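Report on the following structure.
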Amino acid sequence: MRMFGSYGNRTGWLVLALLFLLILLPLAAVIIQVLLPGVFFGQWNVGDLSLLLEVFHRPLWLASMKNSLFLGIGTTIFATLLGGLLAVVRSRWDFQTARLLDFAVWILIITPSFILAQGWVMFAAADGLASNWLGWHWVSGFIFQPSGLVLVMALSKFPLAYLAIASALEWKVDRLGEAARLCGSSAWTAWRTIEFPLLLPAICSGAMLVFMDTIGDFGLPASIATVFRFPTLPYSIYSALYTSPIRFDMAGILSFYLVLFIVLAMTVQFFVMRKSRFDFLSSRAIRRKPQKPVRGGVLLTILNVCFLLVVIGIPFGTNAFMSVSDTSGAASFTSLTMRHYAALLENAGALLDGLLHSLSIAATAGIVGLVIGFLVAYVLTYSSFTYRRMVDVMSLVSLAVPGVVLGIGYIFVWNQKWLEPLGLLLYGTPWILVLASVAGAIPIITRIIVGAMAKVPGQLLNAAQMQGASFGQRIQGILLPLIRGSLVSAGLAAFGSSVFDLASTSILYPPDFMTLPVFINKAFEDLKFAYAAAATLTGGGIVVVIIVVMEWLFKPKNMTSGREIS
C-alpha cells in the first residue's frame, strides 16, 4: 500500500518541475536546434528530418551505434556481476584489506575516465610497461580489442553497482532465511531463493547506472581510441561539435538515439520489477555487521590484493610513473624525476584556485542534488503520482547524454537576453556549472537511494501518519534514519563525480574561473602529460582524503549488538 496521496502528488509535481528545468529543457533545446537550426540565434530555418535515418546508412554513425550497444551491454553484465559479488562478500566478511576495497571504490568513482584510460594505455601499449617491464607482449593484443575494452570499462564502472547493492545490504532480516533453513534449505538455497530476489531492485539500479554511465562515457573510449579505433556515439557527437562547421543537428540526432537506448533499458527494468514487492524490513531488522571468516580469510585477503593491483595498480601506477618520468612511456628508473611536482608547486596558485572552485561547485551540487534526488526517490518508491514513470525517465536521462551535449543545451537556455532583467542570465557565471553538476549528479543519487528505499515498507510510514505524525516527522523520524548510510554514499558519490566533471565544465566555465578538470585537461592539450599526471594525483589525493573523512564522520557506525528498528 502506498502512502496517502496528497504529499506524494505535491512532491511529484515539484520534482517534475525541477527535472524539467535541469534536464529536459536543455536537451529539448538541442533537439529544437535540430528541427529549427539557428532559432536560438534569431534565425528561422527548417531542419532536415531525414537525418534521423542516416544513422543506418552512414558507416561511422552505424559503427558508433553498434559499438556503443556492445560496450554498454557487455560492461553492464560483467560490472554488475563483479560489483554484486564484491558487495555480498564485503557485507558478510571482515577480512584484512577489506577497507582498501571500499577505498578503491571511491577512488575509481571520482577519477575521470580519461585518466584511467591513460593509465591502461601506458600499461598495455606495444611499448608500454607490461611489454617492457614484465615481458607480457600479449597484453596489447588482449586489451586493444572490443572485448578487452569491455573488460577495462567493467573494471572502471563496477563501483556503481557495488555501491547500489552494498547499500541494500546495509540491513538484514534473518527471520526469512531462518524459516527457509528450518524447512530444510541449505544456506546456498536460502540465499538464492530469498535474499537474492529481495536484492533485485538494487541489482537493477546498479546495472542501470553502469549501462548509462558506460554508453554515455566519452573519456575512456576516446582515449583508448588513440591506439585502437573504436568510435562510439559520444565520440561521434564530440566530433560533430568540434568540427567546422559545427553540426548541432548531427549531435542532436545521435543524442536522440542515446536517450532511446536508455528508455529501452528502463522498460526492461520496469517489466522485471512490476509484479513483485521487495519491502522486507521489520522490527527484527538489525544493521549488518561483517564477521571474521571462520576459514578462508587469508584467501580472501590475497584475492582482494590481486584484484586491487589490477583495478588500482595499473591505471594509477602508470600515471604515477609518468608523473615522475621525463618521458611518457619509457619504463626506465634512470629517467625518474620530481621536476613535474616542483613545477606544480611553482604554479600552485592556479592549481589551488581550480581545486577550490571545483570543490565548492561539487559541494553545492552534492547538497542540492541530494535533496532533489531524495524527493525523486520518494516519489518513485512511495507515491501514487500519475507521472511517476516520466519522473523516472527524466531523472536518468542526463547520465546517458554526454556532458558536452547537455552543456550546449545549457548555453541555449541560459544565454538569452530576456533573462538578464530577471537576474537569471546564468551563462558566464559559476551558477551554470552548479546546475550542470546537479543535473549530472541526480541519476547517481536517485539510483542509490531508490535501492535503499525499496526495502523500507510503506506501512511503517502509514502507521506513523495514522498516529498523527506529520509528513516532515515521518521523513525525519523513520525514513532518514533507515537509509542514512545510503544518503551518505549517494551524496559523496555525487560530490566525487562532480569534482572531475570535464565534459560540461570545459564548455561552461566562466572566464577567469578555472576548475580542476579544465586545469588538467589544458595541460594534456599542451602535451604536458607528466605535469598533468602530477596535477591529477595531487588534486585527486586531496579529494579522496575529503571523502574518507566525510564518510567517517557521517556514515552510520556498526553497532556491536545491532540496533533494532522500532
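The values are calculated or read from the model by the stated rules, or taken from the named source; none is laboratory data. A quick note: this is a predicted structure, and the numbers were derived from the prediction, not measured. Don't worry about glycine lacking a Cβ; one is built from the backbone with ideal geometry, like all the others, and counts go over all protein chains shown.
Points to keep in mind about this one:
- Within the option set 154, 104, 126, being under 28 Å from residue 521 (Cα atoms), in contact (Cβ under 8 Å) with a residue 40 or more places away in the chain and either assigned to a loop (DSSP other than H, G, I, E, B) or touching a Gly at 6+ places or on another chain (Cβ under 8 Å) (or both) holds for one residue only, 154.
- Residue 21 being modelled with pLDDT under 80 and farther than 30 Å from residue 548 by Cβ: no
- Every residue from region 308-323 that is modelled with pLDDT of 75 or more and buried (at least 18 other Cβ atoms within 10 Å of the Cβ): 311, 312, 314, 315, 316, 318, 319, 321, 323
- Matching option when the condition is under 27 Å from residue 219 (Cα atoms) and modelled with pLDDT of 85 or more, among 150, 121: 150
- All conditions but one from (1) touching a Pro at 6+ places or on another chain (Cβ under 6 Å); (2) farther than 24 Å from residue 547 by Cα apply to residue 451; the one that does not is (2).
- A search for C-beta distances below 7 Å between a residue of region 522-536 that is at pLDDT below 70 and any residue that is crowded, with 18+ Cβ neighbours inside 10 Å, counting only pairs 6+ apart in sequence or on different chains, returns 524/532; 529/322.
- Number of residues in region 465-516 that are over 18 Å from residue 363 (Cα atoms) and among the β-branched types (Val, Ile, Thr) equals 4.
- Matching residues in region 154-164 - criterion: being closer than 14 Å to residue 207 by Cβ and not basic (Lys, Arg): 154, 158, 159, 160, 161, 162, 163, 164
- Residue within region 532-543 that is over 18 Å from residue 354 (Cα atoms) and under 26 Å from the mean Cα position of the chain (by Cα) present: no
- Consider region 464-517 and keep the residues that are farther than 28 Å from residue 162 by Cβ, free of Cβ contacts under 8 Å to residues at least 12 places away in the same chain and part of a helix (DSSP H, G or I). The one that is nearest to the chain's Cα centre (by Cα) is 476.
- If you check 284, 277, 295 for being part of a loop (DSSP other than H, G, I, E, B), at pLDDT 70 or above and out of contact with any Gly (no Cβ under 7 Å at 6 or more places or on another chain), only one passes: 295.
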